[in-house]
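Worksheet: the structure to be examined is printed underneath.
The values are calculated or read from the model by the stated rules, or taken from the named source; none is laboratory data. None of these values were measured; they are calculated from a predicted model. Ideal geometry is used to build each Cβ from the backbone, glycine not excepted, and the neighbour counts take in all protein chains shown. When the accessible area is computed, the model is the full protein with side chains, heavy atoms only, and any ligands, DNA or RNA have been set aside. Shrake-Rupley method; radii C 1.70, N 1.55, O 1.52, S 1.80 Å.
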Amino acid sequence: MRAISSLVTLAVFAIPVLAPTPAAARPITLGIAAGVSHSEVDADTDGHRTLGLFGRVGFSKRVSGQLEIVKFDTDAETNYDNTTIRTGTALLVVDLLDRGELMPVLFAGLGIDRAENDYTATKGTHIEGGLGLEYRSRGGLTIGLDLRLGGRSIEETYETQPVDTQPILPRLAPARLQEGEYRAGRITIGVKF
């Protein structure tokens, strides 16, 4: 956890230094993402659908910084304890070509995870990397597809007992934040300003 805190502090101080001056400002891209994330621990399931928002700012012609917020769609039929899973990730995005409308990109980043319900709250961190392909139109529309591999570690889990007297519903297949390796794929749509 200290390592993540140190990296976040470094990022807070480094981003203003690395960010371009207004005269040399690079475009900002804002968008949405939809995809799926599958933990290696959950090999018998289909994984979780994800929805997210992202913002990207250019540091140079080929290097950008990206922040993402993602919510996991936990299936209501198997999520008896109403678990909500959210992640936040800071990424470095590197364009692999100098120019062109089809741009292969490389992603590398780290982030924080949180899963909570009425009875537990779990915090974790993750590191991930991957490759993507983006179509960048001259009008500013960006459509992308990326595949990532990552690893998650669980930092803290808090458990509380229910206050009411109602019986606890059975937890046949609750959605949980899983420690270990995971795979993710996403489709993104954004607008470059």
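Residue-level check: of (1) under 24 Å from residue 42 (Cα atoms); (2) open to solvent by less than 80 Å² (accessible area, probe 1.4 Å), residue 149 misses just (2). Scan segment 28-49 for residues that are crowded, with 20+ Cβ neighbours inside 10 Å and farther than 13 Å from residue 144 by Cα and the total you get is 3.
One residue alone among 106, 97 is closer than 15 Å to residue 184 by Cα, open to solvent by 40 Å² or more (accessible area, probe 1.4 Å) and either touching a residue at least 12 places away in the same chain (Cβ under 8 Å) or not in a strand (DSSP E or B) (or both), and that residue is 106.
For residue 128, state whether it is among the acidic types (Asp, Glu) and either outside any strand (DSSP E or B) or under 22 Å from residue 177 (Cβ atoms) (or both). Here the answer is yes, as residue 128 does meet what is asked. Of everything in segment 40-72 that's of a type in the set (A, V, I, L, M, F, W, C) and outside any strand (DSSP E or B), which residue is nearest to the chain's Cα centre (by Cα)? The extreme case among them is 41.
If you go through segment 115-127 and keep only what is open to solvent by 20 Å² or more (accessible area, probe 1.4 Å) and at pLDDT 95 or above, you end up with just 127.
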